[in-house]
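The values are calculated or read from the model by the stated rules, or taken from the named source; none is laboratory data. This structure is a prediction, so every number in the text was calculated from the model and none was measured. Please note: Cβ atoms are built from the backbone with ideal geometry, for glycine as well, and neighbour counts cover all protein chains shown.
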């Protein structure tokens, strides 16, 4: 029988279990995928800890890449043997084999490997909707990207630079700063040593940035608002440091008639056409070399507990994959 990581209660990394699982024949509209690689993302921690509750027992993981092994009734746009990748759920990617709704799968171009796909799908599609849909970055825009050396950060920095933006990134160490600079950051701010909102004002001549992409949450939220130009947009897409406290909307007017949004990939890819369009943009950016995907950590899937510990301790940079 194939194996998968399962949890039977919310908690720390120690709740992750490597278990045998039964994978039935795919139902109508489903495909069976044998994973070649699985992506690791901070949202997996939210599912594990119960911040995003699940019915137990449950799986983890929202992205993977592999080969189609079987098709359920009604699936006409895939064939057994197709190379595919996906991101955004349903939860359960930490598995050697799984069934998944076929409409969530994208066919992989031959130029993109399974490891690259598993490393980029969730983070890359996230960067795609953030930069092209939530706030459409224009040439000449100044943008602030938090956690610039993280998985989404490294992709978003390169992509924003390719769009002609001035890219400001925050990092937590000198080493991560060098990594961010090598991936498109024009200006790097070490938030462990500097007040990032003050530095943003200095860099932009007092104006502020057009948009802040903030996956950190509680620790950076107010500083992010303070970094925006009047009528700028605060995009809060994650909570790595914890949820943002309740917000008094009057604060947005006091700080310059600001916009705040809390988007999710699932909303932006709920329609098949939107998923395909964002996927095509991502594949084109990666295939052209304008965005490089670097897998900086690899773990065996059965060692997901260690991977989670390193992720939460911020010992990882760029993309991390789990190998079945």
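Pairs are defined by a Cβ separation below 6 Å, a sequence spacing of at least 6 or placement on different chains, a first member in segment 196-211 that is within 23 Å of residue 132 (Cα to Cα), and a second member that is modelled with pLDDT of 95 or more and part of a loop (DSSP other than H, G, I, E, B); the pairs so defined are 200/227; 208/227; 209/227; 210/141; 211/135.
If you filter segment 7-23 down to residues that are touching a residue at least 60 places away in the same chain (Cβ under 8 Å) and in contact with a strand residue (DSSP E or B) (Cβ under 7 Å, 6 or more places away or on another chain), you find that the one that is nearest to residue 62 (Cα to Cα) is 16.
Count of segment 48-64 residues, restricted to those that are crowded, with 17+ Cβ neighbours inside 10 Å and either within 14 Å of the chain's Cα centre (by Cα) or over 22 Å from residue 320 (Cα atoms) (or both), is 4.
Here's the yes/no breakdown for (1) surrounded by 17 or more Cβ atoms within 10 Å (Cβ to Cβ); (2) part of a loop (DSSP other than H, G, I, E, B):
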| position | (1), (2) |
| --- | --- |
| 1 | no, yes |
| 6 | yes, no |
| 9 | no, yes |
| 18 | no, no |
| 23 | yes, yes |
| 26 | yes, yes |
| 32 | yes, no |
| 35 | yes, no |
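Can you pull out every residue in segment 264-297 that is within 24 Å of residue 317 (Cβ to Cβ) and touching a helix residue (DSSP H, G or I) at 6+ places or on another chain (Cβ under 8 Å)? Of everything in segment 264-297, those that are within 24 Å of residue 317 (Cβ to Cβ) and touching a helix residue (DSSP H, G or I) at 6+ places or on another chain (Cβ under 8 Å) turn out to be 265, 282, 285, 286, 290, 291, 292, 293, 294, 295, 297. For residue 322, the conditions (1) touching a strand residue (DSSP E or B) at 6+ places or on another chain (Cβ under 9 Å); (2) within 15 Å of residue 150 (Cβ to Cβ) all hold with the exception of (2).
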